[in-house]
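Worksheet for the structure shown next.
The values are calculated or read from the model by the stated rules, or taken from the named source; none is laboratory data. Not measured: the values here are computed from a predicted model. Don't worry about glycine lacking a Cβ; one is built from the backbone with ideal geometry, like all the others, and counts go over all protein chains shown.
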Amino acid sequence: MNDMATILNPESDFSAIPEVDGDVFTAPLKRPENVGEDWLEPEQRQYSSEDDAVWNDLFERQMEILPGRACDAFMAGMQKLHLNRGGVPDFKELSEELDRLTGWSVVPVPMLIPDHVFFWHLANRRFPAGNFIRTRETFDYIQEPDVFHDVFGHVPLLADPTFADYMQEYGKAGWKAMRYNRLKSLGSLYWYTVEFGLMMQADELRIYGAGILSGPREAIFALEAESPNRIMLNVDRVMRTDYVISDLQPTYFVIESFEDLYRQTVERDFDQLYRSLDPGFTYANAAVIDVDYVVHRGSQEYHLRGGRGSNANPV
Ligand SMILES: [Fe+2]
C-alpha cells in the first residue's frame, strides 16, 4: 500500500486507506483477528437454512409496507438485482450485477467498521456489508447493521447511477472531514440522507433512507405520522443537526431528487463550511429554525411522551 500519495495530496488520491490524525475522534472498535487493515472478511459467510428463513421473513414483512412508500429507484434497484430470489443474497452475484449497472461492488465485513476505512471503501465504489444476520430474538430491532439492513436497505439504490455517484462523493468527503476534525458533522449528513432520507417524487413523499426501508416501524411514521418534522434538505443546516440513533427520528429531511442531493453536496465548498462549524451540534434534532423550508411541522407528540423508552405510540 502506498501511503505517500495520500499524505502529499490528501484529497485527490483515494487509493490507500486514509491516515487518521491523533486528534481525530474515531469510535474505538476492536478489529477481529481474521481481518486485515481493510476490515474485509476473506469471504462471505455460509448461511444456515434458518438464516435464509430469517432473511425471507424480514423481506416479506418489508414488502408488505414498502410498495407505494419506498421511492421508485429503490423498488427498481431491487428488481434489477433480483433481491427477491430467496435467502441471503450472494455478494459475488450482487457485485457482478452492480458492476454492470454502476461499477459498484458489495464486500463482506464482520461488524461496524471505523469511519476512515468505510470512507475508503465508498470512495472506491465498494459497499461494506455486514456478514452476519440477526436472529429471531433480535428480529424487530438490532443496533449493529446486519446483512439484511446493509443489503436490503442500502444496496438497491447503488443500482441508481446518481445515487451511486453521491455515495462515492460522500466517501471522498471523509478525507476533508478528518482534516478538519468534523467527522460528526459529516456523519449527520449521512444519517439524514443515506439512512433516514425522504424524497419528493412527483409531489408525493417517498422513502430512500436505508434505516427506514429495512425496519418495520419507521416507514409509516416517517411518511404519515403527525409527530415528526419534515423539512427540505439544506446541507449546511443538516450538518449542524444532532440525531438519535436508537429511536424514531424527530425530524426527517426531504430532497427533491438524487440529482439535487448530489449537486448540493459536490457544489458546496466544504473547507469554508467546516471552518464555520462548531465542534458540537448547533441544533437539537427536533428543532425547526427560521431558514427551514418546512413541509410538515411535527407535533413531536411521540418524543414528548418519552419515545421508545416509554412505549409511546408512534403517532
Ligand atoms: Fe446503514
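Some notes on this structure:
- Checked against (1) at pLDDT below 95; (2) surrounded by 21 or more Cβ atoms within 10 Å (Cβ to Cβ); (3) within 16 Å of the ligand (Cβ to nearest atom); (4) over 24 Å from residue 33 (Cβ atoms), residue 141 meets all criteria but (2).
- Residues that are crowded, with 23+ Cβ neighbours inside 10 Å and near the ligand (Cβ under 10 Å from one of its atoms) were ranked within the stretch 202-212; the one that is nearest to residue 260 (Cα to Cα) is 209.
- Neighbours by Cβ (under 7 Å, 6+ apart or cross-chain): first from the stretch 145-157, over 14 Å from residue 44 (Cβ atoms) and at pLDDT below 95; second more than 6 Å from the ligand (Cβ to nearest atom) and assigned to a loop (DSSP other than H, G, I, E, B): 145/112
- Qualifying positions in the stretch 189-201 - surrounded by fewer than 20 Cβ atoms within 10 Å (Cβ to Cβ) and either within 16 Å of the ligand (Cβ to nearest atom) or at pLDDT below 95 (or both): none
- Check on residue 35, in contact with a strand residue (DSSP E or B) (Cβ under 8 Å, 6 or more places away or on another chain) and under 24 Å from residue 216 (Cβ atoms): no
- Enumeration of residues in the stretch 78-96 that are surrounded by 13 or more Cβ atoms within 10 Å (Cβ to Cβ), touching a residue at least 40 places away in the same chain (Cβ under 8 Å) and under 30 Å from residue 35 (Cα atoms): 78, 81, 83, 87, 88, 89, 90, 91, 94
- Failed condition for residue 186, given (1) closer than 19 Å to residue 222 by Cβ; (2) away from the ligand (no atom under 12 Å from the Cβ): (1)
- Qualifying residue in the stretch 226-245 (condition: within 16 Å of the ligand (Cβ to nearest atom), farther than 26 Å from residue 73 by Cβ and in contact with a Pro (Cβ under 8 Å, 6 or more places away or on another chain)): yes
- Hits in the stretch 274-300 - residues which are aromatic (Phe, Trp, Tyr), over 12 Å from residue 241 (Cα atoms) and at pLDDT below 95: 274
- Between 270, 281, the distinction of being of a type outside the set (Val, Ile, Thr) and crowded, with 18+ Cβ neighbours inside 10 Å belongs to 270 only.
- Single match in 127, 118, 163 (criterion: part of a helix (DSSP H, G or I), of a type outside the set (Asp, Glu) and in contact with a Phe, Trp or Tyr (Cβ under 8 Å, 6 or more places away or on another chain)): 163
- Any hit, the stretch 154-177, residues being more than 16 Å from the ligand (Cβ to nearest atom) and in contact with a Gly (Cβ under 8 Å, 6 or more places away or on another chain): yes
- Any hit, the stretch 175-191, residues being more than 30 Å from residue 51 (Cβ to Cβ), among the hydroxyl-bearing types (Ser, Thr, Tyr) and within 12 Å of the chain's Cα centre (by Cα): yes
- In the stretch 283-315, the residues that are on the phi > 0 side of the Ramachandran plot and touching a residue at least 24 places away in the same chain (Cβ under 8 Å): 300, 307
- Flag if residue 119 is crowded, with 20+ Cβ neighbours inside 10 Å, touching a residue at least 24 places away in the same chain (Cβ under 8 Å) and within 12 Å of the ligand (Cβ to nearest atom): no
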